[in-house]
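Participant: Okay, handing you the structure first.
The values are calculated or read from the model by the stated rules, or taken from the named source; none is laboratory data. All values derive from a computational prediction rather than experimental measurement. Using ideal geometry, Cβ is built from the backbone for each residue, glycine included, and neighbour counts are taken over all protein chains shown.
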Amino acid sequence: MAMRSPVCRSDVVNVHRPILVGAVIDALCIDPDGNYVDATFGRGGHTRALLSRLSPEGRILAIDRDPAAIVAANLLANEDARVRVRHGRMSDMRRFANDVELDDVVGVLMDLGVSSPQLDDPERGMSFRGDGPLDMRMDPTSGVPASHWINSAGEDELATVFREFGEERHARRIARAIVDRRAEAPIERTSELAALVARAQPRPDPHKHAATRVFQAIRIHVNDELEEVRQAIDAAFELIRSGGRIAVLTFHSLEDRIVKHAFRRWTEGEVLPRRLPVTGRAATSARLVVRARRADAAEVAANPRARSAMLRVLEKAA
């Protein structure tokens with residue numbers, strides 16, 4: 001039987017459950033006639049909720065790196081003429097907005113979590129809970145799969161990625177185990193890597209799978225996720241109009257730290273260089289609308305993946 005392609009699948013359009021959707025839309029939709037950007041469309045849960053608040057004059061630009069998400073976005077665009085679609089990185093949102101003549105943007109949404117369809121499809125290689133190829137790319141049509149890096153990177157590089165992007169305490173031990181194992185045969189499957197990491201863990205956490213941090217680290221590295229977040233945050237701030245808003249959902253401390261520091265730079269002002277004749281901070285250019293909001297117990301019970309979500313919303317100064 002032929003392998004299912006993750007690029008062309010559209011059977012998972014309505015599987016992903018958007019997180020904190022009410023809080024996101026309440027904070028973001030301040031002008032029903034305005035233009036918005038969903039920079040991480042996924043399966044469109046947030047976009048659909050936003051469309052329900054917009055007038056016929058409102059517009060949404062849907063962006064995603066994942067070709068399967070773009071299939072879902074195009075289906076929605078065929079149903080609703082207010083939706084424009086672009087395939088690519090969220091950091092390119094300014095260029096995409098220009099392409100579709102979307103100006104005077106009121107709000108930008110970035111949901112930085114991995115979507116349920118990506119996690120639940122073994123062929124994407126995102127999760128250790130099933131067996132599939134070690135791919136992990138957000139866009140399976142570009143770049144190199146995780147297996148290429150796992151089987152070619154040196155022990156030092158492996159350990160550095162596991163430690164910095166996964167905050168893995170046993171990074172060196174796991175890296176050494178990978179190098180020893182691949183000397184016998186390449187590591188090509190998620191189940192192989194998960195089992196190898198579990199064996200290398202001297203004191204596994206009973207509340208978390210042993211491979212959780214390593215899989216996160218590899219995915220972040222393969223997709224250059226943290227640098228993408230840094231560039232996208234700046235692009236969003238430049239794109240929105242005065243009084244416009246940016247809403248960001250993060251799911252781990254590394255990306256949340258980037259968002260928090262960027263928001264602080266705009267809301268508190270940058271520290272002036274000591275050589276200037278004045279001291280203190282430059283004038284602020286934004287204010288916080290939502291400082292740090294988590295899903296409530298009811299949402300977490302209904303959707304356990306909401307447990308780690310953090311919402312921050314910023315408004316650009318008028």
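Participant: Which of (1) surrounded by fewer than 21 Cβ atoms within 10 Å (Cβ to Cβ); (2) at pLDDT below 95; (3) in a loop (DSSP other than H, G, I, E, B) is the odd one out, the single condition residue 126 does not satisfy?
Facilitator: For residue 126, the failing item is (1).
Participant: Go through region 169-189 and count every residue that is more than 16 Å from residue 214 (Cβ to Cβ) and out of contact with any helix residue (DSSP H, G or I) (no Cβ under 8 Å at 6 or more places or on another chain).
Facilitator: Total satisfying the criteria: 3.
Participant: So, of the residues in region 196-228 that are part of a helix (DSSP H, G or I) and over 16 Å from residue 134 (Cα atoms), which turns out to be nearest to the chain's Cα centre (by Cα)? First the steps, then the outcome.
Facilitator: The initial filter retains those residues of region 196-228 that are part of a helix (DSSP H, G or I), namely 196-200, 212-223, 225-228.
Those left that are additionally over 16 Å from residue 134 (Cα atoms): 198-200, 225-228.
Working: 198: 26, 199: 29, 200: 29, 225: 7, 226: 9, 227: 11, 228: 9 Å.
If we take residues in region 196-228 being part of a helix (DSSP H, G or I) and over 16 Å from residue 134 (Cα atoms), then 225 is nearest to the chain's Cα centre (by Cα).
Participant: Please verify whether residue 108 is surrounded by 21 or more Cβ atoms within 10 Å (Cβ to Cβ), within 30 Å of residue 234 (Cβ to Cβ) and assigned by TED's automatic domain parsing to the domain that holds residue 216, treating the condition exactly as stated.
Facilitator: On the way: surrounded by 21 or more Cβ atoms within 10 Å (Cβ to Cβ): yes; within 30 Å of residue 234 (Cβ to Cβ): yes; assigned by TED's automatic domain parsing to the domain that holds residue 216: no.
Spelling it out, it is not the case that residue 108 is surrounded by 21 or more Cβ atoms within 10 Å (Cβ to Cβ), within 30 Å of residue 234 (Cβ to Cβ) and assigned by TED's automatic domain parsing to the domain that holds residue 216.
Participant: Any residue in region 150-163 that is surrounded by 18 or more Cβ atoms within 10 Å (Cβ to Cβ) sitting within a Cβ distance under 6 Å of a residue that is among the charged types (D, E, K, R)? List the pairs, counting only those 6 or more apart or interchain.
Facilitator: Listed by first residue and then by second, the contacts come to 159/172; 162/168.
Participant: What about residue 114, is it β-branched (Val, Ile, Thr) and at pLDDT 95 or above?
Facilitator: Numbers: β-branched (Val, Ile, Thr): yes; at pLDDT 95 or above: no.
No.
Participant: Do you know which of the residues in region 79-98 that are assigned to a helix (DSSP H, G or I) and of a type in the set (A, V, I, L, M, F, W, C) is farthest from residue 140 (Cα to Cα)?
Facilitator: First, the residues of region 79-98 that are assigned to a helix (DSSP H, G or I): 79, 90-98.
Of the ones still in play, those that are also of a type in the set (A, V, I, L, M, F, W, C) are 90, 93, 96-97.
Values: 90: 16, 93: 20, 96: 21, 97: 24 Å.
Once the filter is applied, the top-ranked residue is 97.
Participant: As an exercise: evaluate residue 244 against (1) surrounded by fewer than 22 Cβ atoms within 10 Å (Cβ to Cβ); (2) touching a strand residue (DSSP E or B) at 6+ places or on another chain (Cβ under 8 Å); (3) not hydroxyl-bearing (Ser, Thr, Tyr); (4) not in a helix (DSSP H, G or I) and give the number of the one condition it does not meet.
Facilitator: (1)
Participant: Taking only region 172-195 into account, find how many residues are surrounded by 15 or more Cβ atoms within 10 Å (Cβ to Cβ), among the acidic types (Asp, Glu) and outside any loop (DSSP other than H, G, I, E, B).
Facilitator: 1
Participant: Scan region 280-287 and give yes if some residue there is assigned to a strand (DSSP E or B), at pLDDT 95 or above and not assigned by TED's automatic domain parsing to the domain that holds residue 214, otherwise no.
Facilitator: If we filter region 280-287 for residues that are assigned to a strand (DSSP E or B), which is where we start, we get 281, 286-287.
The next check asks that each one be at pLDDT 95 or above; those that pass are 286-287.
Then keep just the ones that are not assigned by TED's automatic domain parsing to the domain that holds residue 214; that gives 286-287.
Yes, region 280-287 contains a residue that is assigned to a strand (DSSP E or B), at pLDDT 95 or above and not assigned by TED's automatic domain parsing to the domain that holds residue 214.
Participant: Which members of region 133-147 meet the condition of being in a loop (DSSP other than H, G, I, E, B) and buried (at least 19 other Cβ atoms within 10 Å of the Cβ)? Lay out the reasoning, then the answer.
Facilitator: Just the residues of region 133-147 that are in a loop (DSSP other than H, G, I, E, B), to begin with: 134-145.
Correct list: 134, 135, 136, 137, 138, 139, 140.
Participant: Of all residues being of a type in the set (D, E, K, R), in contact with a Leu (Cβ under 9 Å, 6 or more places away or on another chain) and buried (at least 17 other Cβ atoms within 10 Å of the Cβ) in region 49-93, which is farthest from residue 110 (Cα to Cα)? Just the residue, please.
Facilitator: 82
Participant: Can I ask one more? Does residue 75 meet the test of being aliphatic (A, V, I, L, M), in contact (Cβ under 8 Å) with a residue 24 or more places away in the chain and in a loop (DSSP other than H, G, I, E, B)? Please lay out each step first, then the result.
Facilitator: Numbers: aliphatic (A, V, I, L, M): yes; in contact (Cβ under 8 Å) with a residue 24 or more places away in the chain: yes; in a loop (DSSP other than H, G, I, E, B): no.
No, not satisfied.
Participant: Still on this model: Being closer than 16 Å to residue 31 by Cα and assigned to a strand (DSSP E or B) is the filter here, so list the residues in region 45-72 that pass it.
Facilitator: Of everything in region 45-72, those that are closer than 16 Å to residue 31 by Cα and assigned to a strand (DSSP E or B) turn out to be 59, 60, 61.
Participant: While we're here: If residue 102 satisfies every condition in (1) in a loop (DSSP other than H, G, I, E, B); (2) without any contact (Cβ under 8 Å) to a residue 60 or more places away in the chain but one, which is the exception?
Facilitator: Here residue 102 clears every test but (2).
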